[in-house]
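Some notes on the structure that comes next.
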Amino acid sequence: MSRFYDLASLAKPLVTAPLALAFLDLDVDRRWALGFQDRPEPLTVRQLLSHSSGLPPWRPYTGEAVAQQLLQPVPEHPLLRPATPGLATYSDLNYRLLGELLEAETGVPFPRLGAASGLSPAPWTAAPTEVPDAPDAEAWALATGTAPPPRDPLLPHDANARAGMLGHAGFGTTAPQLRAALARWVAASWPRRMAVATAPGEQGARWGLGLQVLPADPGSFGHLLSQLPLAFGLEVLEEPTETAPAPAPPTASEPGAPSGWWYHLGYTGPALFFRPADQSCLALLTHRRGPEGELLSAETLRARRWQALARFVGQFRP
């Protein structure tokens, strides 16, 4: 039986961004539709897709409109901080608003829209590997004064997604299912449409319309993947082990030149890479639980991803 994975934020490029590109005008001002009447500048789908809307990284999904939530004071926490002025700030709120716009535009529930991707919307019939709660649960408690929504093995890990937040999470997959979904995704040219219109972001990031530029610095995934031959095709790699990986090479303090690859990462472990030059696509299915059942740090998760990608790239070396 194939292992089942919670894709977390890979729902953004695989589900929400294609739907937005298919159904929504990228440049119509959506301030009034989304309740941002007092916002001085336009709010567009293009900004939401590229995380350049100026919205903060995160707010708990309580059923309130985003615009109303942002009027309320919140405690200090990395997820609750303001956006960095003038730079794209990665934010789940952008995709929550895209999910709302898609439901309003089509009249169809978002999970039903997303099922056309070939991925499985929650609640699932098989449970993915459970990982411990982390900063989103802590921020939920700080911002609301209440505990996060209860866990359910058939609902996503993310506290917002467990509560029903649309657009940014809530889809899962097996490796064969993801391979078929990615083949359709590439054939429909969705990733090529996302890998454009770069918006400068925090910490040197550069965002397109749903995918991020992968730099080519030594020690980066871009440097590693640049060793793959052109037109190698489409691959889905599984790395379900919970053993501790060897450390990954250090990365540069600031990202450098583009590698030719674009990417997106999922909080629970999976990763997605796409090269527009030859439409090569590589996906990694892993999870974020360590050998003692602990939540892996970002650096240890990077090492787990590096281990799997390096093993795959090594097959192509003479």
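The values are calculated or read from the model by the stated rules, or taken from the named source; none is laboratory data. As the structure is a computational prediction, the values presented were derived from the model and not from experiment. All Cβ positions, glycine included, derive from the backbone under ideal geometry; neighbour counts span all protein chains shown.
Structural remarks
- Region 55-98: number of residues that are of a type in the set (Phe, Trp, Tyr) and within 18 Å of residue 212 (Cα to Cα): 2
- The set of residues in region 174-199 being touching a Pro at 6+ places or on another chain (Cβ under 9 Å) and surrounded by fewer than 17 Cβ atoms within 10 Å (Cβ to Cβ) consists of 188, 192, 196.
- Condition broken by residue 182, with the remaining ones in (1) assigned to a helix (DSSP H, G or I); (2) over 19 Å from the mean Cα position of the chain (by Cα); (3) of a type in the set (A, V, I, L, M) satisfied: (2)
- Output for region 166-179, where each listed residue is of a type outside the set (Gly, Ala, Ser) and outside any loop (DSSP other than H, G, I, E, B): 171, 173, 176, 177, 178, 179
- Identity of the residue in region 144-168, out of contact with any His (no Cβ under 8 Å at 6 or more places or on another chain) and among the hydrophobic types (A, V, I, L, M, F, W, C), that ends up surrounded by the fewest Cβ atoms within 10 Å (Cβ to Cβ): 147
- Where residue 231 falls short, out of the listed (1) within 19 Å of residue 175 (Cβ to Cβ); (2) touching a strand residue (DSSP E or B) at 6+ places or on another chain (Cβ under 8 Å); (3) without any contact (Cβ under 8 Å) to a residue 60 or more places away in the chain: (1)
- From the list 95, 90, the lone residue that is aromatic (Phe, Trp, Tyr), modelled with pLDDT of 95 or more, assigned to a loop (DSSP other than H, G, I, E, B) and in the same structural domain as residue 18 (by TED's automatic domain parsing) is 90.
- Scanning region 206-229 for residues that are in contact with a helix residue (DSSP H, G or I) (Cβ under 8 Å, 6 or more places away or on another chain) and not in a helix (DSSP H, G or I) gives 208, 209, 210, 211, 214, 215, 216, 217, 227, 228.
- Residue check for residue 112: out of contact with any His (no Cβ under 9 Å at 6 or more places or on another chain) and closer than 30 Å to residue 3 by Cα: yes
- Boolean, residue 203 is among the polar types (S, T, N, Q), in a helix (DSSP H, G or I) and over 23 Å from residue 87 (Cα atoms): no
- Exactly one residue out of 107, 99 is crowded, with 23+ Cβ neighbours inside 10 Å and of a type in the set (Gly, Ala, Ser): that is 99.
- Residue match in region 113-133 (condition: under 19 Å from the mean Cα position of the chain (by Cα), closer than 22 Å to residue 272 by Cα, outside any loop (DSSP other than H, G, I, E, B) and not small (Gly, Ala, Ser)): yes
- Taken together, 28, 15 contain a single residue that is β-branched (Val, Ile, Thr) and outside any loop (DSSP other than H, G, I, E, B), which is 15.
- Residue check for residue 197: among the aliphatic types (A, V, I, L, M), in contact (Cβ under 8 Å) with a residue 60 or more places away in the chain and not in a loop (DSSP other than H, G, I, E, B): no
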